[in-house]
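Engineer: This structure is in structure tokens; I'll ask about it shortly.
The values are calculated or read from the model by the stated rules, or taken from the named source; none is laboratory data. What you see is a predicted model; the values in this text were computed from it and never measured. Backbone-built Cβ (ideal geometry, glycine too); neighbour counts: all protein chains shown. Surface areas here come from the heavy atoms of the whole protein model, side chains and all, with no ligands, DNA or RNA. Shrake-Rupley method; radii C 1.70, N 1.55, O 1.52, S 1.80 Å.
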Amino acid sequence: HNHTWFEISTVLGGSGTYNVGGKEFPISAGDIFIFCSNEQHCITDVKSELKILNTHFEPSYIKAGGADGLSAAHQSFCFCHSPEFENRIPAEKGEKIRSLLLNIKDELTASDGEYSLAVKAMLNLIIVSLIRDFNFCDTTPESTHGFKGIMRAITYIDRHLTEPLSLEDIADVAGISPTYFSRLFKKLCQVNLWDYIISKRV
């Protein structure tokens, strides 16, 4: 399956196999798995009962530029990762991220004052760790070209899901011609525009 959310998971117990785009990864307790928006992934084998903590967030959570957003070099964070990154961070290398994920779970469960602010702070630390410690981002010009426009378009789509949407209006928000926008959206987001809109509406 795939979905528009960015997914960060930690395996709390059990074992099995994950298939990501045709490549298999062993699942062991403590492992971290990362899936970009629309990246196909599936558990194909369960050897012992799995317990997995999933954290999802919409790509629009990360805004490129500005004081609280990613730099231009990392605009494509939610949509594609570097060829060197292979979805699985083994338990022995993922302690920092795993600890943050468990702290996020505790914050959401307790829902104490300003818990959402604490959750965002920890989620941002996970994102920074993926970039700094795991060479997560694809920073080639091809991966970053046009992403500001695509992110503006995604924000526009998210805010107008219940209204009629046209390719021309969305491309205009992105500042890109409709034909080029369609090609670029499919290339960068790994899904065509209308499938993305239908998925979001569902």
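Engineer: So residue 196 clears everything in (1) at pLDDT 85 or above; (2) part of a loop (DSSP other than H, G, I, E, B) except one condition, right? Which one?
Structural biologist: Residue 196 satisfies all of (1) at pLDDT 85 or above; (2) part of a loop (DSSP other than H, G, I, E, B) except (2).
Engineer: Please tell me if residue 104 is surrounded by 15 or more Cβ atoms within 10 Å (Cβ to Cβ), assigned to a strand (DSSP E or B), within 19 Å of the chain's Cα centre (by Cα) and hydrophobic (A, V, I, L, M, F, W, C).
Structural biologist: no
Engineer: Examine region 36-59 for a residue that is hydroxyl-bearing (Ser, Thr, Tyr) and free of Cβ contacts under 8 Å to residues at least 12 places away in the same chain, and state whether such a residue exists.
Structural biologist: Checking region 36-59: not a single residue is hydroxyl-bearing (Ser, Thr, Tyr) and free of Cβ contacts under 8 Å to residues at least 12 places away in the same chain.
Engineer: Which condition from (1) open to solvent by less than 70 Å² (accessible area, probe 1.4 Å); (2) closer than 25 Å to residue 2 by Cβ; (3) of a type in the set (S, T, N, Q) is the one that residue 135 breaks?
Structural biologist: Here residue 135 clears every test but (1).
Engineer: Follow-up. If I go through region 176-191 residue by residue, how many of them are within 21 Å of residue 37 (Cβ to Cβ) and either basic (Lys, Arg) or open to solvent by 60 Å² or more (accessible area, probe 1.4 Å) (or both)?
Structural biologist: So the answer is 5.
Engineer: Related question: For region 141-148, indicate whether the set of residues that are surrounded by fewer than 20 Cβ atoms within 10 Å (Cβ to Cβ), farther than 20 Å from residue 38 by Cα and either out of contact with any Gly (no Cβ under 8 Å at 6 or more places or on another chain) or of a type in the set (Gly, Ala, Ser) (or both) is non-empty.
Structural biologist: yes
Engineer: Then there's this: Looking only at region 160-191, count every residue that is within 20 Å of the chain's Cα centre (by Cα) and either within 15 Å of residue 3 (Cβ to Cβ) or of a type in the set (Lys, Arg) (or both) and tell me the total.
Structural biologist: Total meeting the criteria: 5.
Engineer: Give 171, 118 a once-over and let me know the one that is surrounded by 13 or more Cβ atoms within 10 Å (Cβ to Cβ), part of a helix (DSSP H, G or I) and in contact with an Asp or Glu (Cβ under 9 Å, 6 or more places away or on another chain).
Structural biologist: It is 118.
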